[in-house]
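Okay, so here's the structure we're looking at.
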Amino acid sequence: MKTLPEGVKAYARTATFSARTTPEKLLKSHRTKAGTWAKIVVLEGSLHYRILEQEMREFDLSPDRHGVVEPQVPHEVEAVGDVLFYVEFYR
């Protein structure tokens, strides 16, 4: 998984989501806009993160492991039991 590039600055953050409140659009393939990076931060529990490029990559995110979303790369998440997480956006 990539890391956030040097020099990007946070500019927005979602609400904190649980398994029940995760927006439907995050559970299926979606993308960030050109130039927008994101960091998926898990506060409690576990979240399955899929990067849906030509070769799909999968990661289990936890409070000790965040996910990085590259600009315009299709991805989705799936709650694994009880989870609390948010997404922070960078440019």
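Please treat every number below as a calculation from the coordinates, not as lab data. Quick caveat, the model's predicted, so the values are computed rather than measured. FYI the Cβ positions are ideal-geometry reconstructions off the backbone, even for glycines, and counts take in every protein chain you see.
What about Leu43, is it touching a Ser or Thr at 6+ places or on another chain (Cβ under 8 Å) and buried (at least 17 other Cβ atoms within 10 Å of the Cβ)? The answer is no for Leu43. Across the range 52-73, the number of residues qualifying as under 13 Å from Ala38 (Cα atoms) and either out of contact with any strand residue (DSSP E or B) (no Cβ under 7 Å at 6 or more places or on another chain) or aliphatic (A, V, I, L, M) (or both) comes to 4. Within the range 59-77, residues that are touching a residue at least 60 places away in the same chain (Cβ under 8 Å) and under 15 Å from Arg91 (Cβ atoms) have Cβ atoms under 9 Å from residues that are loosely packed, with under 15 Cβ neighbours inside 10 Å and charged (D, E, K, R) in these pairs: Val68/Lys2; Glu70/Lys2, counting only partners at least 6 apart in sequence or on another chain.
For the range 65-86, the set of residues classified as in a loop (DSSP other than H, G, I, E, B) and over 17 Å from Leu4 (Cβ atoms) consists of Pro74 only. When we screen Lys33, Lys39 for residues that are in a strand (DSSP E or B), touching a residue at least 24 places away in the same chain (Cβ under 8 Å), of a type outside the set (A, V, I, L, M) and closer than 14 Å to Glu88 by Cα, the only hit is Lys39.
Select from the range 1-18 the residues that are under 14 Å from the mean Cα position of the chain (by Cα) and assigned to a loop (DSSP other than H, G, I, E, B) and write down the one among them that is nearest to Met56 (Cα to Cα). Out of the qualifying residues, it is Met1.
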